[in-house]
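All remarks here apply to the structure that follows.
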Amino acid sequence: MGMRGLIEKLIPLEDLHATVRRFPLSVMCALGLFFIVILSIHDIVDFDDEIFLRVIAILGCCYFWFGTSKLMSESQGWSAVKHYIISFIIAGGITVLFATSVVWGIHLIFVLPALLLGLMIAPYLTSGDDLSFWFFNRMMWFGVFVSYAALIMFAGGLSAALGAIHILFDVKIDSKIYGDIWSFAALVLGPVYALSWVPKTFEFTEEDCRDPPGLKFIVNWISVPMVFVYLLILYAYFGKIVMSGEVPNGHLAWLISGFAGAGIVTYMVAWPLREEGSLQLKLFYKIFFPALLIPVGFHFYAIWERISAYGITEQRYLLMISAIWFMMIALSNSFTKIPLKAIPMMLVVLMVFASFGPWGGVSISGKSQYARLESLLIKNNLIVDGKAVKAKEDISFDDRLSISSILTYLCNTERDALLIPLFSDVHKQYLSYGSHCYAGNMTKQIGFQYVNKYNRGNNNNENFNIWVQKKGMLKVDGYDFLLNDQSVYARDEKPNDKIKASGVFEDNNELRILLNKQGDLIFKLEDDVILTHNLNAFVDQNKNKNHSNDGEPLILDLEADRIKARIFIKSMNGKIKDQNVELNRMSFDIVLRLKDK
């Protein structure tokens, strides 16, 4: 077999050519994605530019939508004109959604699942039996797996070959070439090859619908037993809630969603085996949906508890969608048997409903959190003439925590525009998690330090973290020695405790800088304490200031009979417990001069 024959066997070019003819719009989207990524790899466009990220989101969604519309057209017998009109109308809606929405990235939470599920049901909107629906999806998703296994082998093999050339022949290979190879494999070869696995017919007989090898074992002895185990765990926890009257754990809704989702996937995947499987599989098909009703009830209860306490977010909206879906399926299958395709179809309708408009998850979540913020500010008299003002009275810990959390949510989800009427400082800054407005600036405007979410539940404690971003050079004249990158941790010194020297002078005297749990910064020269300074007042004075923004150094000058020191603070962190400072750690640079005795 020649090289061409081997390539055609591994990657059937004729099938790929037929796929391009069948799904031209999806292929064009894949090529567009590849083209943009190549431009970014070769520094022709800035990949961090939001415009290009929006284009990538649009092309990615349109790839799936055009595939869905083609399957709908083939199954419904649409004319080419009707197919293209409907395809471009919906694609235009997707483009408008991602091009105009400030929070376009969050819409993907709802749009992408709807599009993926749409591929599953597209050929069976008005007709089709359960077995044909099952086999079509079995072939399509198996093809996706094979396609991405092929792309990994293709790109990995080429990358390994280039690496071998570099090692054996000392030929320098530009790293961008590897990026080109993997981009082509992931964005063109994989997606197009996956489309080639989509069946061209949509009706299948029992003889066609053979279950894949190994499915019977996985379903009978792994999937179904695990569903029963988790069902027993959930029912035991529900009994605990009823007996103790406690509020459900905050993660309960996610756990129920995971259990119900796994059960539904098992129900769909094992469909051909439902009558010939093991005893536990037959029992699963008989009791799963009736047994799901009680978890769904607790699912609603758990979500309502969270929404009542903390308002709606996209994640809670998504959980509510899942609860409604589980309820619809559980009720339908408990009293009658609905078609297999109806299970994903219900979720598609719900996700499409949630993906846009004033009723959608993004819009309702933003309005809910802003309403909570406004209510908290009014409650604490922090709004005058539509503007946030400094607090004149103490704000409770719970309210400070809630205000901080809401501001963080609104900033992180790019809802700066909602905050501009209230706060004067809503400008964006680059933070470790991206370029957003900074909630700490706004809590400072209303008179308190930002409260971290990890303080939740401890009303007497709150963490502080002073971080200083220095810019430029520091003037250090009048000092003899510099110690860089020092860190001290609060600890109690013990007898015979050998603490590492912070620095050694020319006469071999060792300087040690210590921090005890009372907040005392201690300088020891050999065994003599030459300076002690309590830092608690300094921390209390600076913990509410935003040193990360202004670029000004945070300096502490200390002097005693035998030493003069200037400390350039880098960071300080700890907690405020019952209004008392507990400093845990400090990092700094220090210049110092020793005085004669």
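Is it the case that some residue within the stretch 455-470 is part of a helix (DSSP H, G or I), at pLDDT 65 or above and either surrounded by 15 or more Cβ atoms within 10 Å (Cβ to Cβ) or of a type outside the set (D, E) (or both)? No, the stretch 455-470 contains no residue that is part of a helix (DSSP H, G or I), at pLDDT 65 or above and either surrounded by 15 or more Cβ atoms within 10 Å (Cβ to Cβ) or of a type outside the set (D, E) (or both).
May I ask you to verify whether S308 is touching a Pro at 6+ places or on another chain (Cβ under 8 Å), outside the structural domain of R415 (by TED's automatic domain parsing) and of a type in the set (S, T, N, Q)? Considered against the rule, which asks whether it is touching a Pro at 6+ places or on another chain (Cβ under 8 Å), outside the structural domain of R415 (by TED's automatic domain parsing) and of a type in the set (S, T, N, Q), S308 comes out as no.
Considering the conditions (1) farther than 15 Å from G440 by Cα; (2) of a type outside the set (A, V, I, L, M, F, W, C); (3) assigned to a helix (DSSP H, G or I), K392 is excluded by exactly one of them, (3).
Restricting I51, I89, I56 to those that are of a type in the set (A, V, I, L, M), touching a residue at least 12 places away in the same chain (Cβ under 8 Å) and in a helix (DSSP H, G or I) reduces the list to I56. Residue count for the stretch 518-560 satisfying the condition of being at negative phi, at pLDDT 90 or above and in a loop (DSSP other than H, G, I, E, B): 3.
Examine the stretch 296-305 for a residue that is crowded, with 19+ Cβ neighbours inside 10 Å, under 30 Å from R274 (Cβ atoms), free of Cβ contacts under 8 Å to residues at least 40 places away in the same chain and under 29 Å from the mean Cα position of the chain (by Cα), and state whether such a residue exists. No, the stretch 296-305 contains no residue that is crowded, with 19+ Cβ neighbours inside 10 Å, under 30 Å from R274 (Cβ atoms), free of Cβ contacts under 8 Å to residues at least 40 places away in the same chain and under 29 Å from the mean Cα position of the chain (by Cα).
Determine whether the stretch 360-380 contains at least one residue that is surrounded by 15 or more Cβ atoms within 10 Å (Cβ to Cβ), of a type in the set (S, T, Y) and not in a helix (DSSP H, G or I). No, that holds for no residue.
Here M243 qualifies as exposed (fewer than 10 other Cβ atoms within 10 Å of the Cβ) and either in contact with a strand residue (DSSP E or B) (Cβ under 9 Å, 6 or more places away or on another chain) or part of a helix (DSSP H, G or I) (or both). The set of residues from the stretch 127-139 being within 24 Å of H83 (Cα to Cα) and touching a helix residue (DSSP H, G or I) at 6+ places or on another chain (Cβ under 7 Å) comprises F133, F136, N137.
State yes or no: is I590 modelled with pLDDT under 85 and in a strand (DSSP E or B)? No, not satisfied.
Selection over the stretch 208-219 of residues that are under 13 Å from P272 (Cβ atoms) and assigned to a helix (DSSP H, G or I) gives a count of 3. Annotation note: Cβ proximity below 9 Å between a residue of the stretch 206-233 that is farther than 25 Å from L255 by Cα and a residue that is in a helix (DSSP H, G or I) and among the small types (G, A, S) (sequence gap 6+ or interchain) occurs for D208/S132; C209/S132.
Annotation: V242 fulfils all but one of (1) modelled with pLDDT under 90; (2) under 28 Å from the mean Cα position of the chain (by Cα); the unmet one is (2). Within the stretch 254-263, restricting attention to residues that are closer than 11 Å to V296 by Cα and over 18 Å from the mean Cα position of the chain (by Cα), the residue that is surrounded by the fewest Cβ atoms within 10 Å (Cβ to Cβ) is F259. Just one of the listed residues (G447, G503, G440) is surrounded by 12 or more Cβ atoms within 10 Å (Cβ to Cβ), in contact with a Lys or Arg (Cβ under 6 Å, 6 or more places away or on another chain) and modelled with pLDDT of 75 or more, and it is G447.
Of all the residues in the stretch 356-371, those that are hydrophobic (A, V, I, L, M, F, W, C) and over 16 Å from G311 (Cβ atoms) number 2.
The values are calculated or read from the model by the stated rules, or taken from the named source; none is laboratory data. No experiment lies behind these values; they were computed from the predicted model shown. Note that each Cβ is placed from the backbone with ideal geometry, even for glycine, and that neighbours are counted across all protein chains shown.
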